[in-house]
Amino acid sequence: MYIFGKIGNYKIIKNLRGYKMTFIGMISEHKSFENIKEILKKNLKNNINLIHICKKSISNIKNIRFETIIIDSSLNEFEEEKLLIKNLCLYAKYIVINTDINIEIPKFIKESKAHIITYGLNQKATVTISSITESSVLIYLQRNLKNIKGENIEIGEKMIQVDQNSKLKIYEVLIIYIIFLIESKPIM
């Protein structure tokens, strides 16, 4: 027996109450995950639930439908779990992948229906860095992409101020920027 009747009604009730929870799965080092989670928590007021995907947790989260999957670690470490990762990516709307680490995008990601957003410090990445100073990063969006609302985000550069005391790495800045773009949130 379901509390809300049919399973589909649960989505309707969540939307009527204005409750919108976004699930983002992130395959990365634990420290990077924690840094990004802290920034999102400060700036997005619990609208996003960032979940760390690692070898220990992947079998427990295999039934979560992630809106976005972020891959910031080598997938070679997940040889035994590749089928689980493939299934997670199958239902995602966005797959964000670091092409400096994963030089060759796996076939199952290329064949998915998700919007693939690449990032890195290379010329082929969708999102890259034009320049870096001590207090700012100039991020370059090299291809148009659609956000969660279906709005087109056009090619261009955006200057992002970085707290000098922040322990964020360049890849973490790129990931946060991409999440804000996808979620149609103003860049902090």
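Where a number appears in this text, it was derived from the coordinates with a stated rule and is not lab data. This is a predicted model, so every value here is computed, not measured. Cβ placement follows ideal geometry from the backbone for every residue including glycine, while neighbour counts extend to all protein chains displayed.
Assorted remarks:
- Reported value for the chain: 133 Å³ per residue, from the convex hull of its C-alpha atoms.
- Cβ-defined net charge surrounding Lys107, 13 Å radius [Lys, Arg +1; Asp, Glu -1]: +1
- Debye intensity ratio in log₁₀ form over the Cα atoms of the range 58-144, taken at each q of 0.11, 0.12 Å⁻¹: -0.34, -0.40
- On Cα atoms only, tilt of 7-16 relative to the major axis of the chain in degrees: 60
- In the chain the longest region clear of chymotrypsin sites (Phe, Trp or Tyr not before Pro) that are loop-assigned by DSSP and have at most 16 other C-beta atoms within 10 Å covers 92-188.
- Of the trypsin sites (Lys or Arg not before Pro) in the range 69-101, those whose Cβ has at most 12 other Cβ within 10 Å and which sit in DSSP loop: none
- Taking the chain as a Gaussian network of alpha-carbon nodes connected by springs under 10 Å, the highest mean-square fluctuation of the residues Lys169, Lys56, Lys146 belongs to Lys56.
- Between 0 and 90°, nearest 10: helix 170-182 axis offset from the chain longest Cα axis: 50
- Our summary gives the chain a relative contact order of 15 percent, counting only alpha carbon pairs under 8 angstrom and 6 or more residues apart.
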